[in-house]
1. Against the definition (out of contact with any Leu (no Cβ under 7 Å at 6 or more places or on another chain), under 26 Å from Arg176 (Cα atoms) and not in a helix (DSSP H, G or I)), how does Val119 come out, yes or no?
2. Tally up the residues in the stretch 286-318 that are among the hydrophobic types (A, V, I, L, M, F, W, C), exposed (fewer than 11 other Cβ atoms within 10 Å of the Cβ) and modelled with pLDDT of 75 or more, please.
3. So, in the stretch 1-12, of the ones that are buried (at least 17 other Cβ atoms within 10 Å of the Cβ) and at pLDDT 90 or above, which residue ends up nearest to Leu198 (Cα to Cα)?
4. So which residues in the stretch 1-49 are part of a loop (DSSP other than H, G, I, E, B) and under 20 Å from the mean Cα position of the chain (by Cα), if there are any at all?
5. Would you be able to say whether some residue in the stretch 242-249 is outside the structural domain of Gly165 (by TED's automatic domain parsing), more than 30 Å from Leu85 (Cβ to Cβ), touching a helix residue (DSSP H, G or I) at 6+ places or on another chain (Cβ under 7 Å) and surrounded by fewer than 17 Cβ atoms within 10 Å (Cβ to Cβ)?
6. Right, Lys321: charged (D, E, K, R) and at pLDDT 85 or above or not?
7. Select from the stretch 84-96 the residues that are buried (at least 20 other Cβ atoms within 10 Å of the Cβ) and either at positive phi or of a type outside the set (A, V, I, L, M, F, W, C) (or both) and write down the one among them that is modelled with the lowest pLDDT.
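The values are calculated or read from the model by the stated rules, or taken from the named source; none is laboratory data. Keep in mind the model is a prediction, meaning the values are calculated, not measured. When we count neighbours, we look across all protein chains shown, and the Cβ atoms used for this are built from the backbone with ideal geometry, even at glycine.
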Amino acid sequence: MSFLTDAEKDALSIRRMIFHVVGKDLEEPTLLPEIAPPQEPAFFVGRVRSALSGNLFAFREGSAVEAALRGIAGGGDFTAGTQALARDFHTRHRTGTSNGAFLVLELDVGADVPIYALVKYDHDEVIRYFLGAAQPQLERLQEAFVKKPEAMQKIALVRLAPGGGGHVMVRDRSKRTHISEYFEGFLNARRVNQPGDLSGKFVEAVKAAYKKHKDELSADMQAGGVNRLYDVLRQGGQQYDPEDREPLLAALFGALPENAPIRGTMERELRDRGLAEESFEIDPERVQKPRKRVLETQEGVMVLFDEAHRPTETDMPDGRKRIEILTAGILRDDVDTEDRSRRR
């Protein structure tokens, strides 16, 4: 399930906005008044839209961020509440971090309860130019909001739950598959979906997509695709990133055309399992390869075995293969009455 529905994404707008300046070069944060009415709303709504994929967290009991946002949502002082958040954020992340703006946006999504966005926006040096003089004039700007996604160092979208708690969707540039320690401490939130569980669900999604589209894939994938899927996912260091899926998809299924139907199926399978927006490292321990394997020949001979008793295959001079099975005894030699036509 997505953090925002399609209807909420379409209705997204800014009700209120404010930012404060934080960073390692400042003894104290620079606290600023609310920007009323909001300025450049289309620009900032665009930045929020660009960050709608993230990892789902839930507030722990006693979260100061939850308390501050509940106070604001209940009619409390917007400026004072966001200043308290900026002070807390500033004290937690000053060492080794860049200066920037800490934004708080109150977002309208067409519901009674607003959504809040907390954004650490890094300062980025840009050169602005002016035309019309005898020669172009250049001006260096160090305090500027830019469009590139990398400028948003951290963003948390907060949906408060009635009565208490709430969900937080986090995108952290410094730790894409989870969240940095100080930002987790600031939010006082825990991840809803554990990476191990996500890994197991991802395996299910991959197998379901492969089963549906097996006949559309390459001959190698049709012959041994399931084995390849498990081998890839059991390699250490594999990551799923919804914004950079191509390397993992190519490793799993081979090169895919942009319009390959399996892409859409993967998207649906991931969304149905709540994975479409999550980023995570795939845990090889949660990718257990089934013990039983099947070998089927062009003549319709089918051999079921496990890896410990794999048949011996020998290449023949005429291009055929000899398959030899060493057994302690034959348990069954009878007419096969099971309909296996759908498996071939």
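1. When the stated conditions are applied, Val119 does not pass them.
2. Matching residues across the stretch 286-318 total 4.
3. Glu8
4. Passing the criteria: Met1, Ser2, Phe3, Leu4, Thr5.
5. No, the stretch 242-249 has no match at all.
6. Criteria met by Lys321.
7. It comes out as His93.
Residues checked against (1) assigned by TED's automatic domain parsing to the domain that holds Val203; (2) among the polar types (S, T, N, Q); (3) out of contact with any strand residue (DSSP E or B) (no Cβ under 9 Å at 6 or more places or on another chain); (4) more than 30 Å from Glu324 (Cβ to Cβ):
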site	(1), (2), (3), (4)
Glu216	yes, no, yes, yes
Met221	yes, no, yes, no
Asp231	yes, no, yes, no
Glu258	yes, no, yes, yes
Arg263	yes, no, yes, yes
Asp272	yes, no, yes, yes
Leu275	yes, no, no, yes
Ser279	yes, yes, no, yes
